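A quick write-up on the structure given underneath.
The values are calculated or read from the model by the stated rules, or taken from the named source; none is laboratory data. Quantities reported herein were computed from a predicted structural model and do not represent experimental measurements. Methodologically, a virtual Cβ is constructed for each residue, glycine included, from the backbone with ideal geometry; neighbour enumeration extends over all protein chains shown. Accessible surface is based on the protein model in full, side chains and every heavy atom, while ligands, DNA and RNA are left aside. Shrake-Rupley method; radii C 1.70, N 1.55, O 1.52, S 1.80 Å.
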Amino acid sequence: MALESASAVGFNMITSTEKMEHDTQQPRCQSCRDLNVINLPPVDELRKCTSFAEVEDAAKDGCLKCDVLVKVVRHYYPKVQEQTPIAYIVRSNSHIPPTVHLFKSLNPYDWRMIQIELLSQQGRLSFQIRSLEILSVLDTPCPWADMRVSSHITGNTGSDNAVAWVRTQVDECMNKHTGCVRLEPSELPTRIIKIDGPVDVKLHVSGSEVAPYVCLSHCWGTSNMMKTTTQTLDRYQAGITWAALPKTFQEAISFAHRLGYEYIWVDSLCIIQDCVDDWRHEGSKMANIYRNASLTLSASQSPDSDSGCYAVAPTKHLSQFWSFTGPNNEPYDLYSRISINHRSFIDKKLPLLRRGWGLQERLLCPRIVHFAKEELVWECFERSTCECSQIRPYQAKDLGIAKEEVQPRLWLRQSLPQMARCWHLIVTSYTALDLTFPADIFPALQGLAKIMPSQMGEYLAGLWSETLISDLCWGAGPTSRRPEQWRAPTWSWASTIADVVWNSDFWRDETISPVQFAIVVDASTSTKGNDATGELTSGVLLLRGRGLTGAILYPTSQQQQQSDSPEIYDIYLCIDYNNRQAIFQSTELIDHCCAYWDYNPTIAGSFFVASGSPALVVKLEDYVSHYSHLYRTLWLVLIPSKHDASAYERIGLIVDDGTLDAAYNNSPEMDIKII
């Protein structure tokens, strides 16, 4: 275990009896208020208490808690000034101890604070830029009754201690988690790396053998990474020279070997990369390959195959041991450390977490360990944690859709609209990530598509036949654009490069069932191979519904200059109804009547749309907002196709407040072909 030790220092020890009285009586120390919530106002506020010099004086006078604060702060920040103000964050939950803030300036509201967190069983109180953690030691006296017991990081994510930590997580997951699957050894993938020794590996062609295996999830990077091709296939089956393997592969194989696994699946080595047929065949098995793996090793902080998996944590994050003794030699121990900032992991700033292919790899596997910058992070269907134990389950959901939401056993209890919202969240998470090759838009998602419940119907260009009207209500972000090469029909979210969202899913009052106004007459797609979830060559949608006509207009240069947000309010959709005109435009306002454009049609090129061009809007669905409690309707925005005179192409989506309803009711029903 990676620990640092500090010299023992003495103070006046508080006995258990004194501690109990101390928690119920007036504070003995007016400087720190005994760091007890009940001695501070039980409201959400920042309360200036005293200066650091006063806390030092109180420590000299025998206050145990002031003594701890002084020594820990001085250790990490030896230049702390005597006039530095100290304040406390007090929360309305009186069961959680306060957080102490030391400010780097005399202004107690200066954001450049040093935060000392006395971690309770409920977890830390807030997430600041810099913070210290003070934790108790198992089975030793502690003046804070609810303080969390220390959880140390190994300090090196490739160490034997790190391997032992992962083994503990795997054993607990398999034996104690009711929400996780205890996998029996499964049939090996077509090809897999066989580990015969620490540096002895080869590409093994399985003959339906049954054995446990792990997967490697990694970034390919831009370098000429090691791959299996038709020319190297036979050679790799005879044996792979250890020195020829890139560092990321070497470290993943070593880690898997030390965990006790004999097989590891690596995509670039186990799929013949210059054989389109093999790539499509093996790619179509991706869901089962990851779902049947006992564990996935995720090289999350590595940008390519040469950077390796492992990382060494800065010394400041290692647990600092403090040993104190009272006047009667009573032992008192604490640990302290600088908190690990998990934002790079939670905000998907690590290279692999930005990769589109990585989403299904993370969600499909039953359990995954991330090699992050300072520590290992664990995810399974029941638990998300890390070595320092400070990543909370709700933080893991910031990665997008959480693993526990992608479980077929849960879908058995869900309604069709709930399943649709799950898929929408998958797509929203996916489209926020990066793809090196835009043509991978469907292949990189096909593993997840294959595990969706059969009640969703037929898979159609990233949408589903049984929920197609709701699925069509997607909207694209403000920086959306069309890919240079066709990859999907315009009615599919995959026809645009954008962060795609279903805003109605967020604002809809789920107690009120939506009404759908269009009917799907027919929908079909054609694929390049035999897999309906793979790359497409065409797609056609035939809707029956009612529409209103209008025009797409662009503001004049003067109007553009007068706009508060010229980069947003630059396209208008004008709809004529009942001798009046409704105008829709882009907006950043939430739950608001507006237009979402699939791309910017004002840019010259093959997708340019001239100002004044005709448009057709088709009413799809309605909802009542739980946010504003207002009625909203969703309409497709279509323009005549340049490629098929009998068809339309989608260009956007509008949100209306019912203004167009009267005109809609008087409009004729029609069949609308969209390509």
(message) Quick check: with the 1.4 Å probe, what order do Asp656, Asp499 take by accessible area, largest first?
(response) Asp499, Asp656
(request) Could you pull the Cα extents of region 619-675 along its three principal axes, largest to smallest, in whole Å? (result) 42, 24, 13
(message) Considering all alpha-carbon pairs of region 138-255, what whole percent are spaced by more than 18 angstrom?
(response) 68
(message) So, R0 is 30 Å and r is the distance between the beta-carbons of Asn578 and Ser513; what FRET efficiency does that work out to, to 0.05?
(response) 0.55
(request) May I ask which of Lys60/Lys316; Lys227/Lys349; Lys194/Lys403; Lys79/Lys373; Lys247/Lys285; Lys349/Lys373 have a Cα-Cα span longer than 20 Å here? (result) Lys60/Lys316; Lys227/Lys349; Lys194/Lys403; Lys79/Lys373; Lys247/Lys285
(request) Could you state how much accessible area Met452 has, in square angstrom rounded to the nearest 10, with a 1.4 Å probe and all protein chains kept in place? (result) 20
(request) Between Glu458 and Glu209, take the C-beta separation as r, use R0 = 25 Å, and let me know the FRET efficiency to the nearest 0.05. (result) 0.10
(request) Compute the length gained on full extension between Ala238 and His643: take 0.36 nm times their separation in residues and subtract their Cα-Cα distance, giving the result in nm to one decimal. (result) 140.5 nm
(message) Counting only protein heavy atoms and a 1.4 Å probe, tell me what percentage of region 425-507's accessible area is made up of carbon and sulfur.
(response) 53
(request) Using the Kirkwood radius over Cα pairs, work out the Stokes-Einstein diffusion coefficient for region 401-517 at 25 °C and 0.890 mPa s, in µm²/s as a whole number. (result) 165
(message) Using a Cα-Cα cut-off of under 16 Å, which lysines could be cross-linked to Lys65, ignoring same-chain neighbours fewer than 8 residues away?
(response) Lys19
(request) With r as the distance between the Cβ atoms of Ser344 and Ala662 and R0 = 56 Å, compute the FRET efficiency 1/(1 + (r/R0)^6) and round to 0.05. (result) 0.60
(request) Measure off, as a whole percent, the carbon and sulfur share of the 1.4 Å-probe accessible area of region 309-367, all protein chains present. (result) 53
